[in-house]
Amino acid sequence: MPPNTSQSSFIPKRGATRAKRRKPAKQIFVFALVAYSMVFASLLASGASYLYKNYTTSILQTEVGLLNSEISTFSVSDLSVVSEFDLTLQRAVDRINNSASVASALDAIALSTAQPVKIESLLMERSGDDYVLLTADITAQSFDSALFQRKLLSADPQLFTEVLIEDVSVVGPVDTEQQIVSRPLTNQPVTFTATMQMPIESLPYSGMQPATPTTPSVQNDTLSIPVATDNQTEL
Amino acid sequence: MVIALAIGYFYVQPTISEIGVIQDDIAIYTNERLKIETINTQLANEISAFESISRADKERLATYMPRFIDDISIMRDISFIVETAGVTNTTMTYEGVAEAQTAVFSQTNSQSEFSDQPPTSHSFTVVIEGTYEEVKLFLRLLEQNEYPLEVHELSMTTDGFNLITANMKLVTYVDELVLVSNN
């Protein structure tokens, strides 16, 4: 009787080999499962992305519709009306704020002029919206009057700025030779040109504010509104 | 698997990209719509405020800052003031535009740019004679006019007989505006 080699041999039997052959089939199944899953997932993703794209597109169309609606609501003519009115109003306010009263300037000059002093001519020039430049040809009765007038003009730096006295000269008598002898040089008329600036804000309209121009801080009894003299009209 | 990859590469990925672009567009459109909504709301408020202004006030403003110069009417008004003040008018001439500055309002200009531009000024030369009080009254009446008649130059001289000759340059303003639309 032959010995049972299959049980004693250390070589694996065939049955074990058959069991190993089942592994490739399982891998194929896993691969197929993964592949099917991916296909399914891709189809699902395609459908979801398609639907979401349609959704976002519809939102976009809605937004475009709303934007067009807002644009159609916007009125260029209304904007023009409002803008032009606002511009006109701003310009009017600007002119009112930068208005200067020449009559108030004359009042201020009158209050700052000593009575014996005569203003022969007056020139006023407005320099933008900053100040009014005044140039006055003034005749004083003496050097003392001229000095006092200069003091008055320089007394209120808020009203008169950059005061400049120039072209000072003594006017000799023209009638007779006797007057030269009888009148000393210190008592002869002195002419000079006064140049000064008056800020626009210091010249308010009388209708807007009380017509009380800023008076000089240095005043005395001789300060009054000029009156006409015999042969000259004072300003 | 290849089909899945192909679907993902050729359809899903471009679709997602398109969705991203669409979402960006939505954000842009929403932002712009909100801006226009804000502007429309502001404009509606401004229109409401504008309509609340009385017609008389609008007419006063239009008189104070007219759109066009009417030199004949202005000279007539100055003549009325001359008569009221009792001075003698010897010369009155329209000198034209003193400063050629016309505001151009376009949609590219900001509000501050064109609002800084001053109105166009027109000047008149007026020579009057009268007493000091009459001349001053004339100047006061000019200030009470319904539109600005600013004295930009004034020369006062005396003739030695209680009469003053005042030579002045009067300036008034016109709100000339050229509306330019980019649409």
*Quick one: which of A:ALA103, A:ALA92 is within 30 Å of A:LEU164 (Cα to Cα) and surrounded by 15 or more Cβ atoms within 10 Å (Cβ to Cβ)?*
A:ALA103
*asked:* If I filter the stretch B:7-49 down to residues being farther than 30 Å from A:SER69 by Cα and within 8 Å of chain A (Cβ to nearest Cβ), which single residue comes out as farthest from the chain's Cα centre (by Cα)?
replied: B:ILE7
*asked:* If A:GLU166 meets every condition in (1) surrounded by 13 or more Cβ atoms within 10 Å (Cβ to Cβ); (2) at pLDDT 85 or above apart from one, which number is that one?
replied: (1)
_Could you tell me how many of the residues in the stretch A:53-89 are aromatic (Phe, Trp, Tyr) and either buried (at least 16 other Cβ atoms within 10 Å of the Cβ) or not in a helix (DSSP H, G or I) (or both)?_
2
_Criterion first (exposed (fewer than 11 other Cβ atoms within 10 Å of the Cβ) and assigned to a helix (DSSP H, G or I)) does B:ILE36 satisfy it?_
no
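Yes/no matrix, rows are residues, columns are (1) at pLDDT below 90; (2) in contact with a Phe, Trp or Tyr (Cβ under 6 Å, 6 or more places away or on another chain):
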{"position": "A:SER42", "(1), (2)": "yes, no"}
{"position": "A:SER49", "(1), (2)": "no, no"}
{"position": "A:TYR52", "(1), (2)": "no, no"}
{"position": "A:THR56", "(1), (2)": "no, no"}
{"position": "A:GLU63", "(1), (2)": "no, yes"}
{"position": "A:SER69", "(1), (2)": "no, no"}
{"position": "A:SER72", "(1), (2)": "no, no"}
*Inside the stretch B:129-183, can you point out the residues that are modelled with pLDDT under 90, under 20 Å from the mean Cα position of the chain (by Cα) and within 7 Å of another protein chain (Cβ to nearest Cβ)?*
B:ASP175, B:LEU177, B:LEU179, B:SER181
*Can you give me the number of residues within the stretch A:131-170 that are within 17 Å of A:GLN188 (Cα to Cα), aliphatic (A, V, I, L, M) and not in a helix (DSSP H, G or I)?*
4
*So which residues in the stretch B:50-69 are under 17 Å from the mean Cα position of the chain (by Cα) and not aromatic (Phe, Trp, Tyr), if there are any at all?*
B:ASP57, B:LYS58, B:GLU59, B:ARG60, B:LEU61, B:ALA62, B:THR63, B:MET65, B:PRO66, B:ARG67, B:ILE69
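The values are calculated or read from the model by the stated rules, or taken from the named source; none is laboratory data. Please read all numbers here as calculations on a predicted model, not as lab measurements. Quick reminder, even Gly has a Cβ in these numbers, built from the backbone with ideal geometry, and neighbours come from all protein chains shown.
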